[in-house]
């Protein structure tokens, strides 16, 4: 095999190895409607906050225009939170019925958010941030980067505030 063919084959093999995806992850905790019933009532409280990531180069990426969710802090969603910490995204068997118990809103242009009518309970706050960076491989388009910001909050006062930032960020696994 010529040196140029060997180099080309090596380059292609390295490129394909970079495309290999991590094995999917699965939820173990069963989804049970009954676990969520306490969170179906509305309450008098407001949860406000901001979600952003500061990159090493100093740029700040917010959740601007993205959905942010307030999820009941039940075993099912705390397992989701733990699984997200390994950077592999939403588990393949995540039961979409759990979404009917979420409160959702859109982050404003500065990454601020607000949820009204929230009962005094424990919650998981979850959003995704994303951006693009130049590719490390010449002649390829930009690479999508991103991950999840999440944290737990106890609603106990009329106005509860939360900031999700770098310590709460988990980048997507490569």
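If you take the residues in segment 35-56 that are touching a helix residue (DSSP H, G or I) at 6+ places or on another chain (Cβ under 9 Å) and part of a strand (DSSP E or B), which one is surrounded by the fewest Cβ atoms within 10 Å (Cβ to Cβ)?
Residue satisfying both the conditions and the ranking: 54.
Conditions first: (1) surrounded by fewer than 13 Cβ atoms within 10 Å (Cβ to Cβ); (2) more than 18 Å from residue 24 (Cβ to Cβ); (3) touching a strand residue (DSSP E or B) at 6+ places or on another chain (Cβ under 7 Å). Residue 85 passes all but one, so which condition is the exception?
With (1) surrounded by fewer than 13 Cβ atoms within 10 Å (Cβ to Cβ); (2) more than 18 Å from residue 24 (Cβ to Cβ); (3) touching a strand residue (DSSP E or B) at 6+ places or on another chain (Cβ under 7 Å) applied to residue 85, the lone miss is (2).
Please work out if residue 146 is in a strand (DSSP E or B), under 10 Å from the mean Cα position of the chain (by Cα), touching a residue at least 12 places away in the same chain (Cβ under 8 Å) and at positive phi.
Values: in a strand (DSSP E or B): yes; under 10 Å from the mean Cα position of the chain (by Cα): yes; touching a residue at least 12 places away in the same chain (Cβ under 8 Å): yes; at positive phi: yes.
Spelling it out, residue 146 is indeed in a strand (DSSP E or B), under 10 Å from the mean Cα position of the chain (by Cα), touching a residue at least 12 places away in the same chain (Cβ under 8 Å) and at positive phi.
For segment 96-143, how many residues are surrounded by 14 or more Cβ atoms within 10 Å (Cβ to Cβ) and outside any strand (DSSP E or B)?
So the answer is 8.
Among the numbered criteria (1) in a helix (DSSP H, G or I); (2) at pLDDT 90 or above; (3) surrounded by fewer than 10 Cβ atoms within 10 Å (Cβ to Cβ), which single criterion is violated by residue 17?
(2)
Report, by residue number, each residue of segment 57-94 that is farther than 30 Å from residue 133 by Cα and either assigned to a strand (DSSP E or B) or touching a helix residue (DSSP H, G or I) at 6+ places or on another chain (Cβ under 8 Å) (or both). Write out each step before concluding.
Initial filter on segment 57-94 (farther than 30 Å from residue 133 by Cα): 71-79, 93.
Within segment 57-94, 71, 72, 74, 75, 76, 77 meet the criteria.
Only one of (1) over 22 Å from residue 78 (Cα atoms); (2) touching a residue at least 40 places away in the same chain (Cβ under 8 Å); (3) in contact with a strand residue (DSSP E or B) (Cβ under 8 Å, 6 or more places away or on another chain) fails for residue 137. Which number is that?
(3)
The values are calculated or read from the model by the stated rules, or taken from the named source; none is laboratory data. None of the values given here were measured: they were computed from a predicted structure. Note: ideal-geometry Cβ built from the backbone for every residue, glycine included; neighbour counts use all protein chains shown.
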